[in-house]
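Asks: First, the structure itself, so that you have it in front of you.
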Amino acid sequence: MPDKIRILLVDDDEDDYIITRDIIHDIPERHYLLEWTSSFQEALELISQERHHIYLVDYRLGAHDGLELIKEAVKAGSAGPFILLTGQSDRETDEKAMRAGALDYLVKGKISPNELERSIRYSIEHAKSLAVIQRLNTELEQRVKDRTQELAKVIQKLEQTNKSLHEAELEVRKALQKEKELHELKSRFVTIASHEFRTPLSTVLSSASLIGKYKTAETDDKRAKHVERIKSAVNNLTSILNDFLSISRIEEGKIYNVPSTFDLEAFASEISEEAQGVLKTGQQITYVHKGEQTVVHLDKQLLRNIFFNLLSNASKYSGEHKTIYFDTQITDTQIIVTVQDQGIGIPENDKVHLFTPFFRAQNVTNIQGTGLGLNIVKKYVDIMDGTLEYASELDNGTTFTITFPLTSEK
């Protein structure tokens, strides 16, 4: 947070300006500089100058309204955080404010210094997070530009070395295909990252704002509910970041196969117990090990990530009160692992893209996820010299089968 926060209040009522000024004056241990304008057009001009850290916008602005001001400012390119000040508290106003581009809304007449300070602080931090996503988008666009320049150099080199037309055409087509894949990867990343980060961040902001309103012992349950929502949203963000970090480390070649000798049956049972924490109501994991041999020589950490990811997916894409079947088996030559669910299955047209980064099947758009889990599992299996196969029927579940060669400790 900056040492002195510059605030622009847009309100056509001078009395409201005086009230807001007094509330800000009562905020402890913070330094604020409040500026005020009652003009719609002057507000747009001041916002375009980007001299303020945050904007407080009244819902009623004479012939205009605050939502209209926020929409025009965002359309003009403003990335500054907006807080809408309204005279009423209802879900419809909340949704309208978020769609317009506001990061929070406060009810006039009920604003306390602590509540205003918290809203300002969280809105500024939320705006910074969105700016990081935009920066990543810009960096990916620069990569596309750089790759395009590389393509031009390849074409020039082909012409200079007098390669045959057929060879030149093959090289160009290959480079263009890579360009297309990079464009698609960038688009999927920006879409997934923007949505998956914005949803938990909005939950944290909303719950944090509401916690301040529950100040009595009678509202302890409501406070606890919103604290749990914040914890869940933070855990979700951590999971997303871990997926992005895993992909990055794999692409950089920093993931290695480091096998050790351990009891597979005991290990798989332990993972089954850990996975109980992510199950939906009434779901259960049925684990069975087949055969007398239980000792294997594999990378334990990679295997843990593979098991937990597949079990989590089985729960996520299955309904409540469904059973997830988890089996391990050791033969004379192989280690075989299967995870079978009773979930929604995979559409036939989507199967060819199942292990593509950021890809999500048509029937899971309303289920939270980044589209990275199965891609990470596939890469981990490859690193461990295994194979990954699956069988799925729409609305009748999916079975994943992993096979590793049976090796002994060297």
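Asks: Long-range amide H contacts for residue 106: which residues qualify at under 5 Å (H placed 1.01 Å from N, peptide plane, sequence gap of 5 or more or a different chain)?
Replies: 84, 85, 86
Asks: Along the Cα-to-C-beta direction of residue 293, a point sits 7 Å from the Cα; which residues of the stretch 303-344 have their amide N less than 14 Å from that point?
Replies: Backbone N within reach: 329-337.
Asks: Given the peptides 279-289, 325-335, arrange them by the average over their residues of other C-beta atoms within 10 Å, most packed first.
Replies: Ranked by mean Cβ neighbours within 10 Å, highest first: 325-335, 279-289.
Asks: Hey, can you rank 343-356, 26-39 by average C-beta count inside 10 Å, highest first?
Replies: Result, highest mean first: 343-356, 26-39.
Asks: Hey, another quick one. Tell me, what ³J(HN,Hα) does each residue in the stretch 279-291 have, in order and in whole Hz, if you take phi through Karplus 6.51 cos²θ - 1.76 cosθ + 1.60 with θ = phi - 60° and put x for Gly and Pro?
Replies: In residue order, the calculated couplings are 6, 7, 4, x, 6, 8, 9, 9, 9, 9, 10, 9, x Hz.
Asks: Which whole-Hz couplings ³J(HN,Hα) result when phi for each residue of the stretch 13-30 is put into the Karplus expression 6.51 cos²θ - 1.76 cosθ + 1.60, θ = phi - 60°, listed in order with x for Gly and Pro?
Replies: 10, 5, 4, 5, 4, 5, 5, 4, 4, 5, 4, 5, 4, 7, 6, x, 6, 9
Asks: What is the list of residues in the stretch 33-62 whose amide nitrogen lies under 17 Å from a point 7 angstrom out from the Cα of residue 88, following Cα to Cβ?
Replies: Within reach of a label on residue 88: 58-62.
Asks: Given the pairs 316/378; 128/225; 254/378; 351/378, which span a C-alpha to C-alpha distance of over 21 angstrom in this model?
Replies: Over 21 Å apart, Cα to Cα: 128/225.
Asks: Another question, if that's okay. Given a Förster distance of 30 angstrom, what is the FRET efficiency for residue 25 paired with residue 135, based on the Cβ-Cβ distance and rounded to 0.05?
Replies: On the way: r = 35 Å, r/R0 = 1.18.
It comes out at approximately 0.25.
Asks: Another question, then. Please report the antiparallel percentage of the DSSP beta bridges confined to the stretch 1-116, to the nearest 5.
Replies: 10 percent
Asks: Now for a separate question. Leaving ligands, DNA and RNA out of it, report the carbon-plus-sulfur percent of the accessible area of the stretch 283-401 at a 1.4 Å probe.
Replies: 45 percent
Asks: Per 0.36 nm of contour for each residue apart, how much would the distance between residue 107 and residue 260 grow if the chain were fully extended, relative to their Cα-Cα spacing? If you can, show how the numbers build up before the last one.
Replies: On the way: separation 153, 0.36 × 153 = 55.08 nm, distance 5.97 nm.
Extra length from residue 107 to residue 260 when fully extended: 49.1 nm.
Asks: What number comes out for accessible area per residue over the stretch 21-174 if the probe is 1.4 Å? Units Å², please.
Replies: Roughly 60 Å² per residue, with all protein chains present.
Asks: Mind listing the long-range amide H neighbours of residue 289? Cut-off is under 5 Å, sequence gap 5 or more, other chains count too, H placed in the peptide plane at 1.01 Å from N.
Replies: 328
Asks: Give me, ordered by chain and number, the residues 5 or more places off residue 9 or on other chains with an amide H under 5 Å from its own placed amide H.
Replies: 35, 36, 37, 56
Asks: Count the net charge of all other residues whose Cβ sits under 15 Å from the Cβ of residue 334, scoring Lys and Arg as +1 and Asp and Glu as -1.
Replies: -3
The values are calculated or read from the model by the stated rules, or taken from the named source; none is laboratory data. Predicted, not measured: the structure shown is a model, and the values here were computed from it. FYI the Cβ positions are ideal-geometry reconstructions off the backbone, even for glycines, and counts take in every protein chain you see. Remember, those area values only see protein heavy atoms, side chains included, never the ligands or the DNA or RNA. Shrake-Rupley method; radii C 1.70, N 1.55, O 1.52, S 1.80 Å.
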